[in-house]
Amino acid sequence: MRSAHAMRMEMRGGPHVEVYHYSAVFVVVTALLAVVIQAFLGRLGPVGKFVELPLLVTIYFGLSRRNASRGLLLGMTIGLMQDGISRVPVGLYGISKTVVGYLSSTIGARIDVEHPLSRLAFGFIFFHVQQVVLAATQRVLLGRPVPFFDRRLLLASLVNAVLAPLLFPLLDRFRKAD
Amino acid sequence: MLEVPFRHRPLLLLTAVLLIQILLLAFEIRRGDNARLIRIWAVEIVTPWQRAGTWVGSTLHSGWKDYVDLHHARVENQQLREQITKLAIRNHQLESQAREQERLERLLNFREAYPSVNMLAAEVIGANADASSQTLYINRGQRDGLARDMGVITPDGIVGKTLEVFAGTAQVLLINDKESGVGAMLASSRTHGVVKGLGQAQLRMDYVPNDEKMSNGEAVVTSGDDQIFPKDLPIGTVAGASAGNPFKIIFIQPAVRLDRLEEVLVLLSRDELAPQNMGEGSNSGGAPVTNAPAAASGVPQ
């Protein structure tokens, strides 16, 4: 049975894009695990700090579920949890991941994002989207001169871009087609 | 009531959510209270998972470490066992060498104590093939100047006499062989008799009158009557005596462990063993001896 969203897309003459569903438990557990593992990764030294699992999970569910409202709410929840256990003001990651969740859901509803290369590209692009929102928020609200882009951020974005096509197929195993 | 088009709902929600968070952030920055409630919720939600993750991680790490340690311990144990085996063999070799060294040193001291006595060191290379006779083979023969009926001794006492002599080896009849007989006397009373073999560890002394008094442990030495051994070489000690008919029955414990012989001295002449210096090298029990021709052997010449 197709979702109302898929039917609307088809009626509008747009491309048929598959919409996937996940059990609520799986989404919650995955989001929680992403934040928990992220906290562990921080202990592994510089390499661990390059990885942004909560971001990758936000992107994945945004691209797969293709529902902007759910995407932004999940992004907000994950971001706020990340804020809650970090030493940053609460709302920083919340805002940035809300934006990422919304954008990834919107894009996922319009184009096919199954190909590993497109997943790699989304991993790279959304990392920088998050960074731009993070930097802008901190510059405007906190007055901190946080860079929008530098070499370390480039490296981190590449690491996450590579991880996206590796992680997403694992999560695909738990999805149910519309 | 204001109707929001369906397609604009997500955008409206995004705006609302962002606004709330920006306000939250601004409020937090202004008050500096660190949005404690959200932190508490986040920590309450995340920390049990972290704790479980830490427990699983540490359990796995500990299990893996135990496994690796166990594996290492097993390998190490095997290596140590091999090392122990090697060391035990080495230790045995060294002990054997030390004992051999000690025996050779005693032989050398004995010879040095009697430089005028013509004697030759020999190594025991084999024993008799049957249980009824008490003989052994030494690595000296005619080429070394050996002949039949030459006395064979150690620093502790007499061993026997040469029986069959070949080019490079000789057969020695031990004093405990049933065919053996040695002229003997009690060291203290100088009473003469004959010590015969019984085919056993102990010997028997014959021809000692019943009225002769003696005690256990009394030394029995060669008398020189047999024309093979010089006088006063130790044979053994009295192990027991009883009255017999017509002579006393005396059992002698040999001075030499005849079943553990490795090096011996062959007396090439019957010269009396007069020590060079009575104060030194007298571990022969007061027995006399001479120098021997050199021969290729692992034992002192």
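No lab work stands behind these numbers, since they all come straight from the coordinates. If you're wondering where the values come from, they're calculated on a predicted model, not measured in any experiment. Note that we place each Cβ from the backbone using ideal geometry, even for glycine, and neighbour counts take in every protein chain shown.
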> Looking only at other chains, what is the average number of their beta-carbon atoms within 10 angstrom of each beta-carbon in A:93-103?
Replying inline: 3
> Over all residues in A:78-90, what is the mean tally of Cβ atoms on other chains that come within 10 Å of each residue's Cβ?
Replying inline: 5
> Taking N as the number of residues in segment B:89-135, what is its Cα Rg relative to 2.2 N^0.38 Å?
Replying inline: 1.59
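For segment A:92-178, which trypsin sites (Lys or Arg not before Pro) are in a loop by DSSP, counting at most 14 other Cβ atoms within 10 Å?
A:Arg110, A:Arg173
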> Can you give the translational diffusion coefficient of segment B:14-166 in µm²/s, computed by Stokes-Einstein from the Kirkwood radius over Cα pairs at 4 °C and 1.567 mPa s?
Replying inline: 51
> Label B:Lys213 and B:Ser116 with points 7 Å out from Cα along Cα→Cβ: what is the distance between them in nm?
Replying inline: 3.7
>> How large is the Kirkwood hydrodynamic radius of segment A:14-120, counting all unique pairs of alpha carbons, in Å?
In response: 14.1
>> Of the candidates A:Ser69, A:Ser105, A:Ser157, which one comes out as most mobile in a Gaussian network treatment of chain A with C-alpha springs shorter than 10 Å?
In response: A:Ser69
> For B:Glu44 and B:Leu12, what does the FRET efficiency come to when R0 = 41 Å and r is the distance between their Cβ atoms, rounded to the nearest 0.05?
Replying inline: 0.85
>> For a quick check: sort A:Leu103, B:Leu108 by the number of other beta carbons within 10 angstrom, fewest at the front.
In response: B:Leu108, A:Leu103
> Principal axis lengths of segment B:88-182 from Cα atoms, whole Å, largest first?
Replying inline: 41, 37, 26
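Give me the percent of Cα-Cα pairs in segment B:122-174 that sit more than 13 Å apart, rounded to a whole number.
Numbers: 743 of 1378 pairs.
Result: 54 percent of Cα pairs exceed 13 Å.
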>> For chain A, set up a GNM with springs between Cα atoms under 10 Å and report which of A:Leu141, A:Leu153, A:Leu32 has the largest fluctuation.
In response: A:Leu141
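Using helices alone, what [θ] at 222 nm do you get for chain A, with -39,500 (n - 2.57) per DSSP H run of 4 or more residues, divided over all residues and rounded to the nearest 500?
So the calculated ellipticity at 222 nm is -22500 deg cm²/dmol.
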>> Cut-off under 13 Å on the C-alpha distance; same-chain residues fewer than 8 positions from A:Lys176 excluded. Which aspartates and glutamates are left, in chain and number order?
In response: A:Glu18
> How big is D, in µm² s⁻¹, for the protein assembly as shown by Stokes-Einstein at 37 °C and 0.692 mPa s if Rh is the Kirkwood radius over C-alpha pairs?
Replying inline: 104
> Which lysines have a Cα less than 21 Å from the Cα of B:Lys178, not counting those fewer than 8 places away in the same chain?
Replying inline: B:Lys161, B:Lys196, B:Lys248
> Rounded to the nearest whole Å³, what is the per residue volume of the convex hull around the Cα atoms of segment A:57-178?
Replying inline: 105
> To the nearest µm²/s, what D does Stokes-Einstein give for segment B:213-255 at 4 °C and 1.567 mPa s, using the Kirkwood radius over alpha carbon pairs as Rh?
Replying inline: 117
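Report the percentage of all Cα-Cα pairs in segment A:125-178 whose separation exceeds 16 Å, rounded to a whole percent.
When every Cα pair of segment A:125-178 is considered, 55 percent fall beyond 16 Å.
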> Which listed residue (A:Gly94, A:Val140, A:Phe126) has the Cα farthest towards the positive end of the charge dipole for segment A:92-178, taking +1 on Lys and Arg C-beta and -1 on Asp and Glu C-beta about the Cα centre?
Replying inline: A:Val140
